[in-house]
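These notes are about the structure you will find just below.
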Amino acid sequence: MERIIKTIKRYHLGPTIGLFILIFILSFATAKFFTFGNLRNVALQISVNALIAVGMTFVILTAGIDLSVGSTLALSAALASQLMVGHVSPWLAVIAALAFGGLAGALNGFFVAYAGLAPFIVTLGTMTLFRGMTEIYTNGMPIFNLPQEFAKFGTGTFLEIPIPVWVMALVFITAWVVLHRTIAGRRIYAIGGNERVSFLAGVPVKRYLLSVYVVSGILASLAGIILASRLGSAEPTAGVGYELDAITAVVLGGTSLAGGEGTLVGTLIGALILGIIDNGLNLLNVNSFYQDAVKGLIILAAIMLDRKKSSAR
């Protein structure tokens, strides 16, 4: 119990207080906020960003970054959608899209782990590459007429809870077990804490670096599949800016950009904060331009908090 309390104080106290203050303010600012339908919509809205943020947490814990997740999302959704329009089984199309996400992540991981290139530069390049490939593949046009069976994945419910929320919960639980209850998770933290020492201790650093980018790519693809299912189409512009939302959620939740420190519970709290802010501003009919400004301030605040925490270590 003492260990749990220390962990909460170290990683989650600030974000948790911020989350409750936000909920308190919005519950008085608009009567619609605390309705079951709205809270369900909030959970549904954050499911996509939360999935990407899980993968981003794995990467950032190793002191890396993945700017290509939004483009991976778009290209994966376009690939799955085009296959389904071509009468391929939705299940096979989804598997193909997830496999592409894994390959996209492996490409990032190869250049970072084995070529020794900076993660920022590598994923900035693949972000542009995958976005261009999406535009070419779709001719810049949305892909419509997706099967009804596929639409249920993003719009269906189980026990009145949207299926994407169940998927998000399953992914979070699985990822939490991997990070906090396995040797692999401890090694990921160790690599982020000190890559050189981890290598000397016998940890296969390159293999683990490759694997975290693969995880990030697969989860970005899963998020793209859910988004396409919800919208009923694959948009070539899907996922633009999603990498920033994911990074912000991770950092708001207490994960250090320097690597080796943070938790998935914090990431979930960060995703909730962003989702509730978006929802609250929409309920209050705040102009979308102002919403972007608010997001920008949140990103700056998150970076400043991370910098302050890193300098204090």
Filtered residues of the stretch 249-302 (kept if touching a residue at least 40 places away in the same chain (Cβ under 8 Å) and either among the hydroxyl-bearing types (Ser, Thr, Tyr) or over 21 Å from Thr57 (Cβ atoms) (or both)): Thr255, Ser256, Thr263, Thr267, Asn279, Gly280, Leu283, Leu284
Hits in the stretch 193-226 - residues which are in contact with a helix residue (DSSP H, G or I) (Cβ under 8 Å, 6 or more places away or on another chain), modelled with pLDDT under 95 and either polar (S, T, N, Q) or part of a helix (DSSP H, G or I) (or both): Glu195, Val197, Ser198, Phe199
Single residue of the stretch 27-40 satisfying the filter (open to solvent by 30 Å² or more (accessible area, probe 1.4 Å) and not in a helix (DSSP H, G or I)) that is farthest from Arg230 (Cα to Cα): Ala31
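Test Ala31 against the criterion of being within 14 Å of the chain's Cα centre (by Cα) and of a type outside the set (Phe, Trp, Tyr), and give yes or no.
Numbers: within 14 Å of the chain's Cα centre (by Cα): no; of a type outside the set (Phe, Trp, Tyr): yes.
No.
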Output for the stretch 116-170, where each listed residue is among the aliphatic types (A, V, I, L, M), part of a loop (DSSP other than H, G, I, E, B) and either surrounded by 13 or more Cβ atoms within 10 Å (Cβ to Cβ) or at pLDDT below 95 (or both): Leu117, Met141, Leu146, Leu159
Any hit, the stretch 282-293, residues being open to solvent by 10 Å² or more (accessible area, probe 1.4 Å), at pLDDT 90 or above and of a type in the set (Ser, Thr, Tyr): no
Among (1) open to solvent by 30 Å² or more (accessible area, probe 1.4 Å); (2) closer than 18 Å to Ile226 by Cβ - the single one Ala97 does not satisfy: (1)
Filtered residues of the stretch 1-11 (kept if surrounded by 13 or more Cβ atoms within 10 Å (Cβ to Cβ) and either at pLDDT 65 or above or of a type in the set (Lys, Arg) (or both)): Arg10
Residue within the stretch 244-267 that is more than 20 Å from Gly55 (Cβ to Cβ), out of contact with any Phe, Trp or Tyr (no Cβ under 6 Å at 6 or more places or on another chain) and β-branched (Val, Ile, Thr) present: no
Unique residue being in a helix (DSSP H, G or I), crowded, with 24+ Cβ neighbours inside 10 Å and touching a strand residue (DSSP E or B) at 6+ places or on another chain (Cβ under 9 Å) when the list is Ala78, Ala104, Ala43, Ala50: Ala78
From the options Ala238, Ala258, residue that is surrounded by fewer than 24 Cβ atoms within 10 Å (Cβ to Cβ), among the aliphatic types (A, V, I, L, M) and not in a helix (DSSP H, G or I): Ala258
Whichever residue in the stretch 241-253 is closer than 21 Å to His180 by Cα and open to solvent by 10 Å² or more (accessible area, probe 1.4 Å) and, among such residues, is modelled with the highest pLDDT: Ile247
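The values are calculated or read from the model by the stated rules, or taken from the named source; none is laboratory data. The shown structure was predicted, so the numbers you read here are calculated from the model rather than taken from an experiment. Here the Cβ is made from the backbone with ideal geometry for all residues, glycine too, and neighbour counts use every protein chain on show. Accessible surface is based on the protein model in full, side chains and every heavy atom, while ligands, DNA and RNA are left aside. Shrake-Rupley method; radii C 1.70, N 1.55, O 1.52, S 1.80 Å.
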